[in-house]
Amino acid sequence: MTQAAYKKFVYIGITLGLGLIFILRLLQLQLLDPEYKRFAQAQAIRRVIQYPARGGIFDRHGIPLVTNEDFYDLMVIPKEAKPLDTAEFCRLTDIRREEFIRKFSMMDSLIRRKKLGPRQPYAFIKEMNKESVAALEEKLYKFEGFYLQPRILRRYPMAIAAHVLGYIAEADSSVTHRNPYYKPGDYVGISGIEKSYEEVLRGKKGVRNVYVDVHNNLKGSYMDGAYDTAAVPGQNLVISLDAELQAYGERLMQNKRGAIVALEPSTGEVLALISSPAYDPNLLVGRGIRKNYPLLARDSLNPLYNRAIMDGYPPGSTFKLLHALIAQQMGVLSPSSTYPCGGGFSIGSHVVKCHPHGGPTDLRQAIQISCNSYFCRVFTNIVTNNKDAARRYALWRDFIVRFGLGAKMPDTDIPNVKSGLVPKPEYYDRFHGPGRWKAFTIISLGIGQGELKVNVLQLANFTAAIANRGWWITPHLVKKIGGEAVQSMNVFQRHETGIDTTHFRPVIEGMERVITGGTGRIARIDSVTLCGKTGTAQNPHGQDHSIFVCFAPKDNPQIALAVFIENAGFGATWAAPIASLMVEFYLKRRITRPDLEKRMLNGNLLYAR
């Protein structure tokens, strides 16, 4: 072989070798390397998240409480963004040039800190409404790397029940780390029903793969949608609230601190749950959260605080109803038992005072006139003043817990309900020493004071248990999920109080007398047999709190209700009239006492102390 021929074969071999290397490299990139595949697809195919419609929320009569509204996020893929006409961009998106620069700087910072990938979509402008994007869509081809992502945000047509419904907001890092379903920019329920039923309401995201050209224009579906997944809409909820009753209660509670809770005794369904001061739930929608939440959080009236389920209040004289039931069950009281008053109950030099009234009284009369002396004696009979006090107290406490007090509310769908406080015997052992405390030591409990703490939901719930003559169903908010009644799911259980049915009759008759001729006469409603009990909770820091619990009608009760108004004085002054108006509105859908209604609506107690 000549030298020339040898060189020829060497050149051919080198050429073939290089060609083979290129071919192998191309095979590796195109067939084996997923990163290259993603890079190639990114040049022509965009993966657009399809956000599902979040489920709506309706009241028990089908009135919409939470609906959806279409919005858009203006997204950008940093690697694909090219120099643009800043003035035109700012004009079309209605932002200032300074904000445009700030947003780009923020995006660059995230990329440098590896918090954002250069090919990862970034929400440049969030929550633009349809009107805002109309002009932008026509010119979007001028801004390479930018595209519009449809989103859905919440609207609250009646602007009521903010504490019940809750709100949604962008998932923070704690949520995205805990649950891989959520990505930055996704929305999640933060409080209320939106939180309790997040997985039901949110639905399931889908994906649409689309072609885009070099001008960022959509050119149709990739592979005719073969690799798309459809978004699954969230399920609608029908909740137990009566929207009109809720709205009426919120009007009555304007310019007052406190709460109202109304239940349907036979089902445990919450008819109204009102905390005041409240706020318009539309304030915490979309971009409004960033501005309005800090304002609400700093408000001295604390409108974000749910007083219906959070606060620990003394139950006051409403607690006497439970003492009457427990004492009968424990065999230390009969309906005919009478005790004198004498203006109060004396323990050495200390006197639990009572308002003037005739006497001696029996059980029904004691409830009617709310005699402190009578119920101090009843509590003393329950707990005793001997070495058996701790054991007897534990029996008493067990009955109280069976009425839903001093313990976590079982299996409720109302988030963050506090348990209140009914101290265990060990509490007093630590404070006074084992065996060194008796009924006299803790006599304030006999009139619903002392260490007792309850919330308004618990007050309404034990009233419902009395209305039912000895049982209650876990208070809850949701009636139907996607059309299926929750009662058929057997979620919310019936609870027995352990009190014989016969013991409820004299107590309920006493509650009826409260309205017909006792401390709650102002709450009387024509043609409705209302049974109630006033309470005035002592407040060492200012004016006493006004309390009223009731149910109606006496037979076959349809509503049980508790009203607690801070710093409002006697139970009959504010709480009883407001409760009475709520009951009348619910049962009759009209008010027959306009003067009383006007006085309650116009009352301003916000700065009472």
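Against the numbered list (1) hydroxyl-bearing (S, T, Y); (2) crowded, with 18+ Cβ neighbours inside 10 Å; (3) in a loop (DSSP other than H, G, I, E, B), T318 comes up short only at (3). Screening the stretch 455-498 for residues that are small (G, A, S) and touching a residue at least 60 places away in the same chain (Cβ under 8 Å) and picking the one that is nearest to I414 (Cα to Cα) gives A460.
Residues in the stretch 541-549: is at least one out of contact with any Leu (no Cβ under 7 Å at 6 or more places or on another chain), charged (D, E, K, R) and in the same structural domain as T267 (by TED's automatic domain parsing)?
yes
Within the stretch 567-609, the set of residues being surrounded by 15 or more Cβ atoms within 10 Å (Cβ to Cβ) and among the polar types (S, T, N, Q) comprises N567, T573, S580. Residue under question is T519, and the condition is that it be assigned by TED's automatic domain parsing to the domain that holds S275, assigned to a loop (DSSP other than H, G, I, E, B), surrounded by 15 or more Cβ atoms within 10 Å (Cβ to Cβ) and touching a strand residue (DSSP E or B) at 6+ places or on another chain (Cβ under 7 Å); does it hold? It is true that T519 is assigned by TED's automatic domain parsing to the domain that holds S275, assigned to a loop (DSSP other than H, G, I, E, B), surrounded by 15 or more Cβ atoms within 10 Å (Cβ to Cβ) and touching a strand residue (DSSP E or B) at 6+ places or on another chain (Cβ under 7 Å).
Taken over the stretch 427-454, the criterion of being part of a helix (DSSP H, G or I) and touching a residue at least 60 places away in the same chain (Cβ under 8 Å) is satisfied by F440, I443, S444, L445, G446, I447. Whether a residue is small (G, A, S), assigned by TED's automatic domain parsing to the domain that holds I309 and not in a loop (DSSP other than H, G, I, E, B) was assessed, and A562 passes this test.
One line per residue, one yes/no per condition, for (1) over 12 Å from V507 (Cβ atoms); (2) more than 42 Å from the chain's Cα centre (by Cα); (3) part of a loop (DSSP other than H, G, I, E, B):
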{"residue": "Q328", "(1), (2), (3)": "no, no, no"}
{"residue": "G331", "(1), (2), (3)": "yes, no, yes"}
{"residue": "S336", "(1), (2), (3)": "yes, yes, yes"}
{"residue": "G342", "(1), (2), (3)": "yes, yes, yes"}
{"residue": "H355", "(1), (2), (3)": "yes, no, yes"}
{"residue": "Q365", "(1), (2), (3)": "yes, no, no"}
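Residues in the stretch 486-516 that are within 23 Å of T361 (Cα to Cα) and either assigned to a strand (DSSP E or B) or modelled with pLDDT under 95 (or both): none.
Inspect all residues belonging to the stretch 412-423 and state whether any of them is farther than 30 Å from I239 by Cα and either at pLDDT 95 or above or surrounded by 19 or more Cβ atoms within 10 Å (Cβ to Cβ) (or both). Let's see the steps before the verdict.
Residues of the stretch 412-423 that are farther than 30 Å from I239 by Cα, as a first pass: 422-423.
Narrowing the set further to residues that are either at pLDDT 95 or above or surrounded by 19 or more Cβ atoms within 10 Å (Cβ to Cβ) (or both) leaves 422-423.
Scanning the stretch 412-423, I find at least one residue that is farther than 30 Å from I239 by Cα and either at pLDDT 95 or above or surrounded by 19 or more Cβ atoms within 10 Å (Cβ to Cβ) (or both), so the answer is yes.
Using the structure shown, decide if P415 is in the same structural domain as C371 (by TED's automatic domain parsing) and within 30 Å of G56 (Cβ to Cβ).
Details: in the same structural domain as C371 (by TED's automatic domain parsing): yes; within 30 Å of G56 (Cβ to Cβ): yes.
Yes.
What about A262, is it part of a strand (DSSP E or B) and either farther than 30 Å from Y72 by Cα or out of contact with any Leu (no Cβ under 8 Å at 6 or more places or on another chain) (or both)? Before the answer, list the steps.
Details: part of a strand (DSSP E or B): yes; either farther than 30 Å from Y72 by Cα or out of contact with any Leu (no Cβ under 8 Å at 6 or more places or on another chain) (or both): yes.
Judged against the criteria, A262 is a match.
Close Cβ contacts (under 6 Å, 6 or more residues apart or on different chains) running from residues in the stretch 499-520 that are within 17 Å of T573 (Cα to Cα) to residues that are surrounded by fewer than 19 Cβ atoms within 10 Å (Cβ to Cβ) and modelled with pLDDT of 95 or more comprise I515/R524. Scanning the stretch 123-160 for residues that are crowded, with 16+ Cβ neighbours inside 10 Å and of a type in the set (A, V, I, L, M) turns up A123, I125, M128, V133, L136, L140, L148, I152, L153, M158, A159, I160. Sort through R257, R154 and tell me the only one that's in contact (Cβ under 8 Å) with a residue 24 or more places away in the chain, farther than 30 Å from E484 by Cβ and among the basic types (K, R). None of the other options fit; the residue is R257. Within the stretch 293-313, the set of residues being more than 20 Å from K408 (Cβ to Cβ), out of contact with any helix residue (DSSP H, G or I) (no Cβ under 6 Å at 6 or more places or on another chain) and outside any helix (DSSP H, G or I) comprises D299, S300, L301, N302. Taking R298, is it charged (D, E, K, R), closer than 30 Å to G404 by Cα and within 38 Å of the chain's Cα centre (by Cα)? No: the conditions fail for R298.
Taking the stretch 161-200 only, how many residues are among the acidic types (D, E) and surrounded by 17 or more Cβ atoms within 10 Å (Cβ to Cβ)? I'd like the intermediate steps shown before the answer.
Of the stretch 161-200, the ones among the acidic types (D, E) are 170, 172, 186, 194, 198-199.
Add one more test, that the residue is surrounded by 17 or more Cβ atoms within 10 Å (Cβ to Cβ), and what stays is 170, 186, 194, 198.
The qualifying residues number 4.
Does A407 fit the bill of being farther than 20 Å from I347 by Cα, among the small types (G, A, S) and without any contact (Cβ under 8 Å) to a residue 40 or more places away in the chain? Spelling it out, A407 is indeed farther than 20 Å from I347 by Cα, among the small types (G, A, S) and without any contact (Cβ under 8 Å) to a residue 40 or more places away in the chain.
The values are calculated or read from the model by the stated rules, or taken from the named source; none is laboratory data. Just so we're clear, the structure is a prediction, and the values are computed from it rather than from any experiment. Neighbour counts are summed over all protein chains in view; Cβ atoms, including those assigned to glycine, are modelled from backbone coordinates with ideal geometry.
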